[in-house]
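Worksheet: the structure to be examined is printed underneath.
The values are calculated or read from the model by the stated rules, or taken from the named source; none is laboratory data. In this text the structure is predicted, and so the values were computed from the model without any measurement. Cβ atoms come from the backbone with ideal geometry, glycine included; neighbour counts cover every protein chain shown. These accessible areas exclude ligands, DNA and RNA; they are computed on the full protein's heavy atoms, side chains included. Shrake-Rupley method; radii C 1.70, N 1.55, O 1.52, S 1.80 Å.
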2 protein chains.
Amino acid sequence: MVTPMTDVSPRTATAAGPDASDAAAPTAPARRVRRPRASTLARREEILRSAMRVFGSKGYHQGSLADVAEQVGITHAGVLHHFGSKDRLLTEVLKFRDEADVEHLEGQHIPGGLDLFRHLVRTAEINSARPGIVQAYTVLTGESVTDGHPASAWVTERFSVLRAEIAEALHEVIADRKQSGDLDADLEISDEAVDRAASSIIGVMDGLQIQWLLDPEAVDLAGATAFSIEAILASTFAGERRPRPLA
Amino acid sequence: MVTPMTDVSPRTATAAGPDASDAAAPTAPARRVRRPRASTLARREEILRSAMRVFGSKGYHQGSLADVAEQVGITHAGVLHHFGSKDRLLTEVLKFRDEADVEHLEGQHIPGGLDLFRHLVRTAEINSARPGIVQAYTVLTGESVTDGHPASAWVTERFSVLRAEIAEALHEVIADRKQSGDLDADLEISDEAVDRAASSIIGVMDGLQIQWLLDPEAVDLAGATAFSIEAILASTFAGERRPRPLA
DNA sequence: TTTCTCTTACTAACGAGTAAGTAATGGTGC
DNA sequence: GCACCATTACTTACTCGTTAGTAAGAGAAA
């Protein structure tokens, strides 16, 4: 049995683990540091990629371990050997995605200020050529609002971080513009207004993705994203003086 | 057995139905018009409401017929007696929702022009007091982008209609404003721009709902919705002269 | 008496997780 | 450089729970 699920960090206190044995092994001399081999890591990455595809196209609940395993050419028990449980596999997929994102941005500074918003628009442009990824993200996000979903904490955290990053970038831009005189230095732009804008930008991106996935002909993902972000930025910069067509 | 699943319209050619029998009934004299009793209709409505709750909180795939049945105090076979299959139940739920929506707006004219946008904002305000409904809508919408989901056609159609309604209202407002002089009569606002705005408004509403469901403290659903819609409207009305902070 | 609603009881399929065994691999002692 | 052995990476074969759907009959209603 054994079922490693190597948490990189050796000897984690995974109480739930099926092997409570060997805890009191009589002679534990050289504390073997069991580092995973390269081929194992490669295999796991294969499985993670497969899981991303499966959960992306069918959702977490509907996608089975057998589906994931099939794409790698093993059985579902083989997948469990590496990841222990389906929930665990999901969290590993999410962690993997995060790490891949970070790696992708490696070297090139994480954009701040106006560049962050350009980066978001650029992301939408890139995304409109890869519906698979977008679907994975959208399905998982939608599913995560169901009661007790294993990904809801991750998604919530992700949104929280994103909102904070966007809000910070907005504050930066506002400060810059006030200094350069592009913006009236006396203009009051409240934190609440900035937070509203941040939520709205994320929201419009996600919402457009849903529509675009269902009907790519009918929705210009990149165009609408760019337009909305600019609209939201413009209104935010206008502060209390922004036009209020509904008032 | 029999399993009626009365499609209101009697004698629909539901080929898929489990009873292909009685098709060539030898003596069919008085063509009994089998209208469902009131108590039956009431029961079905109970089931539909229960299904809305279940599919809303757990999703379609994860919500079981037993869950639906339990809330009505019958067994899952009882539900199948009325609706034949789970897929059928879902489509009936969606149809029911549509009818309920229409009924709700009955009498009061369907808002057009700027009133439509006020109505959308008002809806967001109302929604922020009923997370259950919002969750149902969000879960179903998210799930519908998975491959072969039974609700994807319905959701796609719904988005399509919504976009068209919003685009029409926008065109109205633009025409009005040009006539009243609020808008330069020479200003060009392309159909594409209007469509982009329509998609964006729907998108921001849906996207904000997801964030709000996951973290109601962190997101001001009504406020952000109102802000975004005004921002999008303002940018649309500005046409080619709109500010382009990212350019 | 016929129709309708609903139950009980079942089937067949599927899915996650467990147990145990097997073949390969690679490090260790020599 | 080789034999040995522990570990790893699986597989097969299950268990157990869950689920949609079916069949047939019971009781009530019209």
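Surface exposure of region A:133-230, expressed per residue as accessible area with a 1.4 Å probe, stands at 38 Å².
Label points for A:Ala77 are taken 7 Å from Cα along Cα→Cβ. From this copy to the others they lie 3.6 nm apart, shortest first. Can you list the residues of region B:148-174 whose accessible area drops by at least 20 Å² going from the chain on its own to the full set of protein chains, with a 1.4 Å probe? The answer is B:Thr156, B:Phe159, B:Arg163 - residues whose exposure falls by at least 20 Å² when every protein chain is included.
Over what distance in Å are the Cα centres of region A:47-81 and region B:173-198 separated? The distance from the Cα centre of region A:47-81 to that of region B:173-198 comes to 50 Å.
Here A:His171 sits with roughly 80 square angstrom of accessible surface, probe radius 1.4 Å. Annotation for the B:A interface, with buried accessible surface near 4800 Å², both sides summed [1.4 Å probe; non-protein components not counted]. Here the contact order of region A:38-102, divided by its residue count and restricted to Cα pairs under 8 Å and six or more residues apart, works out to 31 percent. Over region A:109-241, with a single point scatterer placed on each C-alpha, what log10 of the ratio I(q)/I(0) does the Debye formula yield at q = 0.16 1/Å? At q = 0.16 Å⁻¹ the computed log10 ratios are -0.86.
Placing a label point 7 Å from Cα along the Cα-to-Cβ direction at A:Arg244 gives distances to the equivalent points in the other copies of 3.0 nm, listed shortest first. Rounded to the nearest 10 square angstrom, B:Tyr137 shows an accessible area of 40 square angstrom against a 1.4 Å probe. With respect to the axis relating copies B and A by rotation, the chain B residue whose beta carbon is closest, plus that distance in Å, is B:Gly142, 1. Once backbone amide H atoms are built at 1.01 Å from N, A:Ser144 has no partners under 5 Å, excluding neighbours fewer than 5 places away on the same chain. Each copy carries a label point for A:His171 at 7 Å from Cα toward Cβ; from one copy, the others' points are 4.5 nm away, ordered from shortest.
Using R₀ = 25 Å, calculate the FRET efficiency as 1/(1 + (r/R₀)^6) where r is the Cβ-Cβ separation of B:Ala42 and B:Arg122; round to 0.05. Don't skip to the end; give the middle numbers.
On the way: r = 31 Å, r/R0 = 1.24.
Efficiency computed from Cβ-Cβ geometry: 0.20.
Split the accessible area of region B:38-92 by element, probe 1.4 Å, and carbon with sulfur accounts for 53%.
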